[in-house]
Amino acid sequence: MKKLNSGYEMPVLGLGTWTLTGQTCEDAVYAALKSGYRLIDTAKYYGNEKEVGSAIARAIKDGICTREEIFVTTKLVPWSRSPNADIDDSLQKLGLSYIDLVLLHQHGSDSGDDAVYLAMIRAAKDGKIRSIGISNFYPEKNVSHFINDFEIPPAVIQNENHLKYQNNSLRDWAAKKGIYIESYYPFGGRGHTAEHLKNPQVLEIAKKHNKTAAQIIVRWHLQAGYIAIPGSRNLSHIAENFDVWDFQLTDSEMKELTKLNTGKRYENW
Ligand SMILES: NC(=O)c1ccc[n+]([C@@H]2O[C@H](COP(=O)([O-])OP(=O)(O)OC[C@H]3O[C@@H](n4cnc5c(N)ncnc54)[C@H](OP(=O)(O)O)[C@@H]3O)[C@@H](O)[C@H]2O)c1
């Protein structure tokens, strides 16, 4: 768990739900909660908040977890003309009385970003949201705007972050301000996972620990101080990605993996 600058705690490993829809999404989220996950990442843009909400309701009904034990993140698009109504819509679709974390999904226009951020602050004050954050913000000066010019700073920055593109300097800068980096595309994202999961150094370390490449990469994120949300629709992958609590990478393994950084992102949004 990480204690956020909002005062709330956030689990460090969760399930990402980008591209998951319908019953596949509901089954994946339910399976994740059953495997022990307590952090679920969705977004208005993914069009699956209703399915995420159904899975959560089913898990609570089946006694797998309580509402208070889980941490649900959603995101608002920066081009929204009605961010207040969007928050109410997310609450309704998710079937929740509060959302743990809402993120500005990405940079849009300066005025659009500010309008969404202000709506999130208002909702936090109204108790609809517990923590607020931003996503897809890399330069420190762009993050500084949200720290300096608003009443509530971001608690989390969710960015593309993986072995090939590491946010390490942003992480160190943000940590001094009590802000955590959450890794999206922890395995590189669809179309790039082989570059990560079949990387020879990752495979060699996996062999030494008798773990899978995915588990080694999850450990790298956690030990590097990141929050990670690997995405999967495959129920055995979902369980595998959470089975990472019984081993640790050594300092030299961490250093070796950190050297894989190329400084190049896959996405440019
Ligand atoms: N804020 C943003 O702009 C933004 C952007 C992108 C993503 N995100 C969030 O970040 C989450 C993670 O990113 P992502 O899902 O796009 O990419 P990812 O987690 O890097 O990779 C997902 C891919 O890895 C595969 N995979 C997962 N576990 C595996 C395992 N143990 N062994 C082999 N393959 C495995 C999945 O296939 P299977 O389904 O077959 O397991 C899927 O193809 C998203 O789901 C979303 O919630 C946020």
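The figures follow:
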read-out	value
Gain upon complete extension [Ser97, Arg58; 0.36 nm per residue less C-alpha separation]	12.4 nm
Rounded to 5, the percent of DSSP beta bridges in the chain classed as antiparallel	10
Additional length obtainable on full extension of the chain from Met254 to Thr24, 0.36 nm per residue less Cα span	79.4 nm
Calculated FRET efficiency for the pair Arg190/Asn142, C-beta based, R₀ 25 Å, to 0.05	0.40
Amide hydrogen neighbours beyond the local backbone of Ile181, cut-off 5 Å, H modeled	Ile157, Ile227
The stretch 2-258: relative contact order in percent, alpha carbon pairs under 8 Å with at least 6 residues between	19
Segment Trp79-Arg122, length gained on full extension (0.36 nm per residue, minus Cα span)	13.7 nm
Long-range tail of P(r) for the stretch 187-250 (Cα pairs > 18 Å, %)	31
Over the stretch 80-152, volume per residue of the alpha carbon convex hull, in Å³	82
Over the stretch 134-209, relative contact order from alpha-carbon pairs under 8 Å, at least 6 apart, %	27
Rule-of-thumb Rg ratio for the chain [Cα; 2.2 N^0.38 Å; N residues]	0.96
Percentage relative contact order, the stretch 66-131, counting C-alpha pairs under 8 Å, at least six apart	40
Helix-only mean residue ellipticity at 222 nm for the chain, each DSSP H run of n ≥ 4 adding -39500 (n - 2.57), per residue, nearest 500	-12500 deg cm²/dmol
Neighbour-limited loop hits for GluC sites (Glu not before Pro), the stretch 187-269 (at most 16 other Cβ within 10 Å; DSSP other than H, G, I, E, B)	Glu267
For a label point 7 Å along the Cα-to-beta-carbon line of Asn5, residues of the stretch 223-243 with backbone N under 20 Å	225-228
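Read-outs throughout are calculated quantities, based only on the coordinates presented, and are distinct from any laboratory measurement. No experiment lies behind these values; they were computed from the predicted model shown. In this analysis, Cβ positions are derived from the backbone assuming ideal geometry, glycine residues included, and neighbour counts consider all displayed protein chains.
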